[in-house]
């Protein structure tokens, strides 16, 4: 299982208005998955990260699967990957 607690750890503290609850801030997270995964596997990964965000008090607004891009260098033996952009709100 992937530990994604780092996604929420570095966020700035939300400011509380007088007499109100802390305001949510908008964030985005970009992650890259293996280019040979099929659509079902990509959806499962997106759902896993959505559950992680929600378990930490975040609210996922959108998750967008991007294109498979080729890089000019290797990352863990790969030269391409599928980009996934997730927009979420958190305190």
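Taking 7 Å along the Cα-to-C-beta vector as the label spot, tell me the residue 65-residue 37 distance in nanometres, rounded to one decimal.
About 1.0 nm separates the two model spin labels.
Treat each spin label as a single point 7 Å out from the Cα along the C-beta direction, and report the residue 80 to residue 26 distance in nm.
The answer from the label model is 3.2 nm.
Taking all pairs of distinct Cα atoms, average 1/r, flip it, and tell me the Kirkwood hydrodynamic radius of the stretch 36-91 in Å to one decimal place.
Details: mean 1/r = 0.0792 Å⁻¹.
When all Cα pairs of the stretch 36-91 are included, the Kirkwood radius is 12.6 Å.
If you count, for each residue, the other Cβ atoms within 10 Å and average over each peptide, how do 80-91, 39-50, 61-72 line up from highest to lowest? Let's see the in-between values first.
Working: 80-91: 17.3, 39-50: 13.7, 61-72: 11.7.
Averaged packing, sorted descending, gives the order 80-91, 39-50, 61-72.
Coordinate-derived values only; no laboratory data. Everything quoted here is computed from the prediction, not taken from an experiment. Please note: Cβ atoms are built from the backbone with ideal geometry, for glycine as well, and neighbour counts cover all protein chains shown.
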